[in-house]
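Peer 1: Structure provided below as C-alpha cells; questions to follow.
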Amino acid sequence: MTNISDLQKNTTQVDGLSNHEIMRLILLSITLTSFIVFSYFLAVMLSVCFTNTVARQEVRYILFTHMLVIDSVYLLFSLFLFLASYYPTKYPAPFCYIFVVVSSTSLKITSYNLAIMSLERYITICFPLRHREICTLQRMGIAIAIIWALELLPNVADFFVLTLTAEKTFFARIVICSRSSFIVASVQDTIRLASHASTFYLVGLIIILTYIKIMLVAFRVDSRKSSASKAGRTIVLHAIQLLLCMMAYSYSIVEIIFKNYINLLPVINFSFFMCLPRFLSPFIYGIRDELFRKQIKKFTVCDFKKHSLK
C-alpha cells in the first residue's frame, strides 16, 4: 500500500510539473505572438510619426514618438534578458551589463515621458495663448535630455559601487544576463529602490496636480465636450499607464502570492508586468487620436488591398 501511495504521489507531482510547463509554454507563446502583432502596429505608428508633417512638428506627437521608441527599446532588451534567464546561457559581463542598464533606464524614462506629456496638456488648456511660446521643439528637446540625465544618474552610481566593490576581474567573467548577476553590495538595492520610489512619486504628483488644474478649467467652462474635459481624460490615461508601468516593480509581491507556481513566475512577470503595459499604450493613444486613427486605417486598408491583389 505504501508503494502504491508513493507511486500515486510521484505521478501527481510529475503531472503537476507537466501542467506548469504547459501553462508556461502557453503564456510564452501568447506573449511572443503579441510581441509580433505589437511590432507591426508599432511600425505603422512610427511610419506615421516620421512621415506626417503635423506629427513631426507638434510637441505632443514628438513626445509620443519618443515614448514609442523607448518602449520598443525596453521590450527588445527585456525580451533578450528574459530569454537569457529563461534558457540560462552565459555571456560576457560587459555585454550583459549594457543590456541591464538600457532595460532599467528605458523603463523609468517612459514614466517621466508621461509626466512631460501631462504638463504639455496642462499648458495647452491652462495657457492656450502661450502654448506655442512655452512648448517649443528646443525646450522639448531639453526636457527629454533632462529625463535621460535623471535616469542615468542612478545607473552611474550603481556602476561606481559595482566597480569599487567587485573584484577587478569581474567584467572579464562570463555571467547569466540578469540583474542579480551584478548585485555585489546591498547599497545597490537601496539605490534601485530609491530610484523607483522617486520616479513613481514625482511622476504621480505631476499627473495628479495637472489633472486637478485641468478639471478646474473644465468645470469653469461647464461643457463635457470641451477640450479641457478631453485633456482631463487623457491625463487619467497617463495615470493608468503609469500604474501599469509601475507594475514591473511589484515582482516581489507576485513572488509571495504565487509562491506555489515558482516555475511560472518568470513568464508571468515578463508577460503581464513588462510587456502588457507597453502593448496597451500605443493601441490606446492610436485609437483615441484622430490623426493616428486615420493614418492607421489608411495603412491597414492599403496593406489588405495589396495582399488581396496578390
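Peer 1: If we keep just the residues of segment 95-124 that are among the aliphatic types (A, V, I, L, M) and closer than 16 Å to LEU202 by Cα, which is modelled with the lowest pLDDT?
Peer 2: Within segment 95-124, the subset among the aliphatic types (A, V, I, L, M) is 98, 100-102, 107, 109, 114-117, 119, 123.
Next, from what is left, pick out any that are closer than 16 Å to LEU202 by Cα: 107, 109, 114-117, 119.
Details: LEU107: 81, ILE109: 89, LEU114: 84, ALA115: 86, ILE116: 89, MET117: 85, LEU119: 88.
Per the stated criteria, the residue is LEU107.
Peer 1: Something else about it: Could you list, in sequence order, all residues of segment 84-118 that are out of contact with any helix residue (DSSP H, G or I) (no Cβ under 6 Å at 6 or more places or on another chain) and among the polar types (S, T, N, Q)?
Peer 2: SER85, THR89, SER104
Peer 1: So if I check each of LEU164, LEU119, LEU137, which one is among the aliphatic types (A, V, I, L, M), under 15 Å from LEU242 (Cα atoms) and out of contact with any strand residue (DSSP E or B) (no Cβ under 7 Å at 6 or more places or on another chain)?
Peer 2: Step by step, each of LEU164, LEU119, LEU137 is checked, and only LEU119 is among the aliphatic types (A, V, I, L, M), under 15 Å from LEU242 (Cα atoms) and out of contact with any strand residue (DSSP E or B) (no Cβ under 7 Å at 6 or more places or on another chain).
Peer 1: Sticking with this one: Residue by residue through segment 22-38, note down the ones that are polar (S, T, N, Q) and surrounded by fewer than 13 Cβ atoms within 10 Å (Cβ to Cβ).
Peer 2: Passing the criteria: SER29, THR33.
Peer 1: Here's a follow-up. Can you report the number of residues in segment 163-185 which are closer than 20 Å to THR105 by Cα and in contact (Cβ under 8 Å) with a residue 40 or more places away in the chain?
Peer 2: 6
Peer 1: Right, something else. Tell me which of these VAL175 doesn't satisfy, since it passes every other one: (1) at pLDDT 85 or above; (2) within 16 Å of LEU114 (Cα to Cα); (3) of a type in the set (A, V, I, L, M).
Peer 2: (2)
Peer 1: Among the residues of segment 88-143, what is the count of those that are not hydrophobic (A, V, I, L, M, F, W, C) and not in a helix (DSSP H, G or I)?
Peer 2: Going through segment 88-143 one residue at a time, the tally reaches 6.
Peer 1: Sticking with this structure for a sec: On the basis of being buried (at least 20 other Cβ atoms within 10 Å of the Cβ), in contact (Cβ under 8 Å) with a residue 40 or more places away in the chain and either of a type outside the set (D, E, K, R) or closer than 26 Å to THR163 by Cα (or both), does CYS126 make the cut? I'd like the intermediate steps shown before the answer.
Peer 2: Values: buried (at least 20 other Cβ atoms within 10 Å of the Cβ): no; in contact (Cβ under 8 Å) with a residue 40 or more places away in the chain: yes; either of a type outside the set (D, E, K, R) or closer than 26 Å to THR163 by Cα (or both): yes.
It is false that CYS126 is buried (at least 20 other Cβ atoms within 10 Å of the Cβ), in contact (Cβ under 8 Å) with a residue 40 or more places away in the chain and either of a type outside the set (D, E, K, R) or closer than 26 Å to THR163 by Cα (or both).
Peer 1: Something else now. Among the residues of segment 141-150, are any buried (at least 18 other Cβ atoms within 10 Å of the Cβ) and within 28 Å of ASN269 (Cα to Cα)?
Peer 2: Within segment 141-150, one or more residues are buried (at least 18 other Cβ atoms within 10 Å of the Cβ) and within 28 Å of ASN269 (Cα to Cα).
Peer 1: What are the residues in segment 96-113 that are among the hydrophobic types (A, V, I, L, M, F, W, C) and either within 16 Å of SER72 (Cβ to Cβ) or surrounded by fewer than 23 Cβ atoms within 10 Å (Cβ to Cβ) (or both), if any?
Peer 2: The answer is ILE98, PHE99, VAL100, VAL101, VAL102, LEU107, ILE109.
Peer 1: Would you please name the residue that is modelled with the highest pLDDT, looking only at residues in segment 195-212 that are more than 23 Å from CYS126 (Cα to Cα) and crowded, with 17+ Cβ neighbours inside 10 Å?
Peer 2: SER195
The values are calculated or read from the model by the stated rules, or taken from the named source; none is laboratory data. In this text the structure is predicted, and so the values were computed from the model without any measurement. Ideal geometry is used to build each Cβ from the backbone, glycine not excepted, and the neighbour counts take in all protein chains shown.
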